[in-house]
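Shown next, in structure tokens, is the structure this report addresses.
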Amino acid sequence: MSSAGTVTDRAKADLAPAPDDVDGRAITTIRMLTADAVEAANSGHPGMPMGMAPCGWVLWTRFLRFDPGRPDWPDRDRFVLSAGHGSMLLYSLLHLFGYDLPMEEIKRFRQLHSATPGHPEYWCAPGVETTTGPLGQGFGNAVGMALAERMLAARFNPDDGETIVDHRTYVFASDGDLMEGVSHEGASLAGHLGLGRLIVCYDDNRVTIDGSTDLTYSDDPCARFDAYHWHTQTVEDANDRDALAAALEAAIAEEERPSLIRIHTRIGFGAPEVEGTHEAHDGALGEEQLRRTKERFGWPPDESFVVPDDVRARCREVADAGRRRREDWEARFDEWAADHPEQADAWRRAHERRLPAGLDEALPDHFDPDDRMATRDGSGAVLSSIGELMPELVGGSADLAGSNRTAKAPGGSVKRGDYRGPKIHFGVREHNMAAALNGLALHGGLRPYGATFMVFSDYARPSIRLAALMEAPVILIFTHDSVGVGEDGPTHQPVEHLNALRAIPGLALLRPADAYEAVDVWRIALERTDGPTAMALSRQKVPVLEQPPPGAIARNGAWVIRDSDDPPEVVLVATGSEVWVALEAADRLAEDGVQVRVVSMPWREKFGELPHDRAAEILPPTVPRVVVEAGSPQGWEGLASPPGAPKGRIIGLKRFGASAPGADVLADLGFTPEAVADAARDLLAADADRTAAGDTP
């Protein structure tokens, strides 16, 4: 219909905006689109959008810089709905302002293959800046986005003339977001770095799923954020548009500190039975309550998905203004590019995620074969050699830069007021580091990496999972990757972590055997633009082995590092710091006259995707196999003992480690050349016994 109709009983329309209040009618439109979509799906979270609709409207019409026709405009403001359960607020705004999200998709809310999933997903609809839903994640992503803006501004804005990087990151966050630990980590880092272009609107409705926040939450959030060196304000009434605008103006004016605006809202505002209660958090209002809600707002009670003509026109005006701002920016960018051609080329290459010419020549290509190097040192050599060639490669460590070898990267460190350097000190904040890396990657123009010990990947795992879900090209450096860590003991010795990370779809986990493979792993990580890459690197030194054939690991995930003169009788498969152990075991077996092939398999999942014939070239299907990895054996069973082949052996760990020198721990747990050779001998003897007995696998 062309406009909202008239309610029969006007006495019930106690929340109806005045006829000439287009903004008020637009806010009601958002509320009713939300209620209708949730009702149609019989599923969803209407409460947050109904309470925060005024803030969404004020932000998007008066402050947010966006162009629906170019949702990827580099200098747009970023809007992050960290409270992702309130997705219909975002979908309503995107639809109303003319993004490619038609009404049919609003009507298909939460349905299979719709562009309006239950929680916003990065690739589903234009204008969705990040995947949110797990609370706190959007907050953490926004810290990375705000940091990216400051770093790009420091690199590309000229000392004189028009700026080309000049935008802000806005977040809508809930009580749950502020309870989750990742938001504490992010708030602390953002305050320390003075990310003044990060503005968080906190939906303080004092309700969670279980009931009132009084059950679990008695923080003074403004006092807490004051302590984090944030600028804080409170808006007492979410429906006071002028107060909201004044708070946003004050936040924008504050350039030295990030801002928190605490907004007192009523969850499910206008729904007569559930407003202000935890029952408004999720679930459809129901036919009768929805009808009464519409009547209270002066909305047609018998119609659904109504958008008045004057609201459409108002949204077009705002979108047109955004288009003009974008066109003005493009003109300024072209002028800047003409004056700064080298910088412009670097900008375009980084935003297109193209690797620089000369990368292969810059990567280390020779290591002393008589030397022993931890694979973390091979990674450090890569960072040292390519940092100047790839200024967009930025990142750092969670307070372990020396141990992770990220300190080897050239250039200075990011600090408050000076964001030119490529190094980021994340502090002891593994979860926020990973969440911020996602924000840095999604922002565009930078290639981020972050590092910590592999055992602490547990702290970062929720954000790593979302990086994979969003196909964000984040690089994760995990050192100290086995019980070879040594004296720090079981608390610092990962056992199950390799397989826990391998279980994440879309995450490439690679465990290089030596410095040469570490270089190849970095090449793969830099070439991947459709998902995160994690590298598992050793603390202990290992021999420098052979350089893999070019592209072998990227194509196959594995390669034959040593072959037998005649067809192999046994294949030793190993990863990472156990490859040299397998090679020395092969030497012992060769002394017995055994024909041995050794396969290094740094990327198990890639190998598992190979066609059967190509995999068989590396692992002959009828030849017995011994798999060696200092971690949980889970996931290796099918490779060690494939159907129709002899039963193989897995030398792994089904226990935690021990506190002792790393070599002693590895020896005690069976990761020695002699132990591997003995396992192969036992395997061959058992196979011979079966053959003599006439058994088949």
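Here are the numbers for this structure:
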item	result
Pairs where the first residue, in the range 574-599, is touching a residue at least 60 places away in the same chain (Cβ under 8 Å) and the second is of a type in the set (Lys, Arg) and open to solvent by less than 10 Å² (accessible area, probe 1.4 Å), C-beta under 8 Å, 6+ apart	575/511; 576/511
Checking residue 301 against (1) in a helix (DSSP H, G or I); (2) over 24 Å from residue 97 (Cα atoms); (3) in contact (Cβ under 8 Å) with a residue 40 or more places away in the chain; (4) open to solvent by 30 Å² or more (accessible area, probe 1.4 Å), the condition it does not meet	(1)
Enumeration of residues in the range 347-378 that are touching a strand residue (DSSP E or B) at 6+ places or on another chain (Cβ under 6 Å) and within 30 Å of residue 153 (Cβ to Cβ)	none
Checking residue 197 against (1) open to solvent by 20 Å² or more (accessible area, probe 1.4 Å); (2) at pLDDT 95 or above; (3) more than 22 Å from residue 351 (Cα to Cα), the condition it does not meet	(3)
Qualifying positions in the range 678-694 - in contact (Cβ under 8 Å) with a residue 12 or more places away in the chain and not acidic (Asp, Glu)	679, 680, 681, 683, 684, 686, 690
Within the range 468-496, considering residues that are farther than 15 Å from residue 605 by Cβ and assigned to a helix (DSSP H, G or I), the one most open to solvent (accessible area, probe 1.4 Å)	491
Within the range 106-120, tally of residues that are open to solvent by 40 Å² or more (accessible area, probe 1.4 Å) and without any contact (Cβ under 8 Å) to a residue 24 or more places away in the chain	3
Any pair with Cβ under 9 angstrom, 6 or more apart, that starts in the range 535-555 at a residue that is closer than 19 Å to residue 607 by Cα and outside any loop (DSSP other than H, G, I, E, B) and ends at one that is polar (S, T, N, Q) and open to solvent by less than 40 Å² (accessible area, probe 1.4 Å)	535/375; 535/379; 535/479; 536/375; 536/479; 536/482; 536/575; 553/600
Of all residues in the range 29-55 being charged (D, E, K, R) and more than 13 Å from residue 87 (Cα to Cα), the one that is least open to solvent (accessible area, probe 1.4 Å)	36
Number of the condition not met by residue 294 [criteria: (1) open to solvent by 20 Å² or more (accessible area, probe 1.4 Å); (2) over 30 Å from residue 417 (Cα atoms)]	(1)
Set 546, 517: member being more than 24 Å from residue 658 (Cα to Cα), buried (at least 23 other Cβ atoms within 10 Å of the Cβ) and not hydrophobic (A, V, I, L, M, F, W, C)	517
Residue, farthest from the chain's Cα centre (by Cα), within the range 59-101, restricted to residues that are surrounded by fewer than 24 Cβ atoms within 10 Å (Cβ to Cβ) and aliphatic (A, V, I, L, M)	59
Pairs where the first residue, in the range 659-677, is under 21 Å from residue 586 (Cα atoms) and among the acidic types (Asp, Glu) and the second is at pLDDT 95 or above and surrounded by fewer than 15 Cβ atoms within 10 Å (Cβ to Cβ), C-beta under 7 Å, 6+ apart	none
Those residues of the range 143-180 which are in contact with a Gly (Cβ under 6 Å, 6 or more places away or on another chain) and hydrophobic (A, V, I, L, M, F, W, C), in sequence order	143, 145, 152
Residues satisfying the stated conditions in the range 556-572, i.e. in contact (Cβ under 8 Å) with a residue 60 or more places away in the chain and open to solvent by less than 10 Å² (accessible area, probe 1.4 Å)	558, 570, 572
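Per-residue answers, yes or no, for (1) open to solvent by 10 Å² or more (accessible area, probe 1.4 Å); (2) touching a strand residue (DSSP E or B) at 6+ places or on another chain (Cβ under 8 Å):
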{"position": "190", "(1), (2)": "no, yes"}
{"position": "208", "(1), (2)": "yes, no"}
{"position": "212", "(1), (2)": "yes, no"}
{"position": "216", "(1), (2)": "yes, yes"}
{"position": "236", "(1), (2)": "yes, yes"}
{"position": "249", "(1), (2)": "yes, no"}
{"position": "259", "(1), (2)": "no, yes"}
{"position": "283", "(1), (2)": "yes, no"}
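The values are calculated or read from the model by the stated rules, or taken from the named source; none is laboratory data. Small disclaimer: the values here were computed from a predicted structure and weren't measured. Methodologically, a virtual Cβ is constructed for each residue, glycine included, from the backbone with ideal geometry; neighbour enumeration extends over all protein chains shown. What goes into the accessible areas is simple: the full protein's heavy atoms, side chains included, and nothing from ligands, DNA or RNA. Shrake-Rupley method; radii C 1.70, N 1.55, O 1.52, S 1.80 Å.
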